[in-house]
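One structure below.
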């Protein structure tokens, strides 16, 4: 009546076919659970990386200063900013939690968080 292929062997009866389908359904359910678990765990991984170079001072040429955002899906992670002028360079690191920080953010740091993924 039914003819299913099983590694070059035919499944001859309905009961055998139902058993095979039930095993496949169980495997699909198991794989779906695994995918959901991986997706949930992945939310904490860094997914958003963006570098913004700029010139905060008008007295010198070139965009030597930068802000680097390293954020997860929930906009949590870190921002590293380097401000360069003729005499020195300073580097700042700030923890970001859900798009905000306990430290004041510069305009460039706020922009890189709020506008991630939008056209520059």
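Every read-out reported here was derived from the displayed coordinates using simple, explicitly stated rules and does not represent laboratory data. The model shown is predicted, which means the values in this text are computed figures rather than measured ones.
The convex hull of the Cα atoms of the chain, projected and averaged over all directions, covers 12.9 nm².
The convex hull drawn around the Cα atoms of region 65-120, when projected onto a plane and averaged over every direction, covers 4.0 nm².
For the residues 62, 93, 77, a GNM of the chain with alpha-carbon springs under 10 Å puts the largest fluctuation on 62.
Relative to the dominant Cα principal axis of the chain, helix 14-42 is inclined by about 10°.
Considering only alpha-carbon pairs that sit under 8 angstrom and 6 or more positions apart, the relative contact order computed for the chain is 15 percent.
Largest GNM mean-square fluctuation across 48, 23, 73, computed for the chain with C-alpha springs under 10 Å, falls on 23. Hey, what's the Kirkwood Rh for region 21-90 if you take every pair of different alpha carbons, in angstrom? Taking the inverse mean of 1/r over all distinct Cα pairs, region 21-90 comes out at 15.6 Å.
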